[in-house]
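The values are calculated or read from the model by the stated rules, or taken from the named source; none is laboratory data. Computed from a predicted model, the values in this text were never measured in an experiment. Protein only, heavy atoms only, side chains kept; ligands, DNA and RNA dropped before computing areas. Shrake-Rupley method; radii C 1.70, N 1.55, O 1.52, S 1.80 Å.
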Amino acid sequence: MRKPITTGAVVILLVVIASFAAEGAKMKITSSAFQEGGNIPSKFTCDGSDTSPPLQITGVPSEAKSLVLIADDPDAPSGLFTHWLIWNIPPRTNSVAEGSAPKGVQGTNDFGKSGYRGPCPPPGTHRYSFKIFALDRELDLRSGAKRSQVDAAMKGHVIAQGELVGRYSRRK
C-alpha cells in the first residue's frame with residue numbers, strides 16, 4: 001500500500017517543480033546597437049531618426065503560442081510610459097530588423113500612435129526596457145489596444161520573459 005502513495009507523492013512533487021520552472025523560464029532579448037545597461041544611440045530616439053533598434057530574441061519555449069514585445073520608460077515623470085506595443089508575434093520570431101516591426105498586432109503607445117516611438121525624455125537619464133513575453137495563447141485584442149488592455153489579457157498566460165534595458169538622456 002505504501003508504494004502507490006510514495007509514487008503518487010513523487011509525481012505530484014515533479015509536477016509542482018516543473019510548474020515553478022516554467023514560471024521562472026527566461027528568454028533573452030538583445031540588440032547589436034547597445035549593450036544591457038548601456039546607452040541607446042541617438043539614432044533610435046527623437047533626437048535622431050526615431051528608428052526602432054535591431055533586436056534578437058532567444059530562448060523562446062517550444063510551447064509558446066505567441067510573443068508580446070513592449071518597450072517602455074519606467075522613469076517617466078507621469079509613471080510608466082509605453083513606447084512600443086506589439087502582440088501575437090509568431091513564436092518562431094528570433095529577430096527584428098532595425099527600423100522594422102515584427103509581424104503581429106500593434107497597439108497604441110503613450111504618444112497616442114501605433115508603432116515605435118523612441119526615447120525622448122525630459123532632462124536626466126532614463127532607463128528604457130525592451131521586454132519580450134512568451135504566452136501560452138494568442139491575445140484576442142483589436143489593433144490599437146492600449147497597454148492596460150494588453151497587460152490584463154496577458155495575465156496568467158506568460159510562460160517566459162526577457163528584458164533588455166538601455167539608457168538615454170537628451171542633448172541639451
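If Rh is defined by the Kirkwood formula over all Cα pairs and Rg also comes from Cα, what ratio Rg/Rh do you get for the stretch 131-172? Working shown, then result.
Details: Rg = 14.1 Å, Rh = 12.5 Å.
Here Rg/Rh amounts to 1.14.
Using only DSSP helix segments of four residues or longer, with each worth -39500 (n - 2.57), what per-residue ellipticity at 222 nm results for the chain after dividing by its residue count and rounding to 500? Please list the in-between numbers first.
Working: 2 runs with 30 residues, N = 172.
My calculation for the chain gives -5500 deg cm²/dmol from helical runs alone.
Over the stretch 24-129, what is the relative contact order in whole percent, taking alpha-carbon pairs under 8 Å and six or more residues apart? Intermediate results must be reported in sequence, preceding the final value.
Details: 202 pairs, mean separation 29.7, N = 106.
RCO, the stretch 24-129: 28 percent.
Counting only protein heavy atoms, what percent of the accessible surface of the chain is carbon or sulfur at a 1.4 Å probe?
Working: 5170 of 9480 Å².
Carbon and sulfur atoms account for 55 percent of the accessible area of the chain.
Give me the accessible area of residue 125, 1.4 Å probe, in Å² rounded to the nearest 10.
The accessible area of residue 125 comes to roughly 80 Å².
Using only Cα atoms, tell me the angle between helix 2-23 and the longest principal axis of the chain; keep it within 0 to 90° and round to the nearest 10.
Helix 2-23 and the main axis of the chain meet at about 0 degrees.
Per residue, how many Å² of accessible area does the stretch 95-136 show with a 1.4 Å probe? Don't skip to the answer; put the middle values down first.
On the way: 1810 Å² over 42 residues.
Value for the stretch 95-136: 43 Å² per residue.
Report P(r) for the stretch 65-109: all Cα-Cα distances, bin width 10 Å, range 0 to the bin holding the largest distance, values in whole percent.
26, 48, 23, 3
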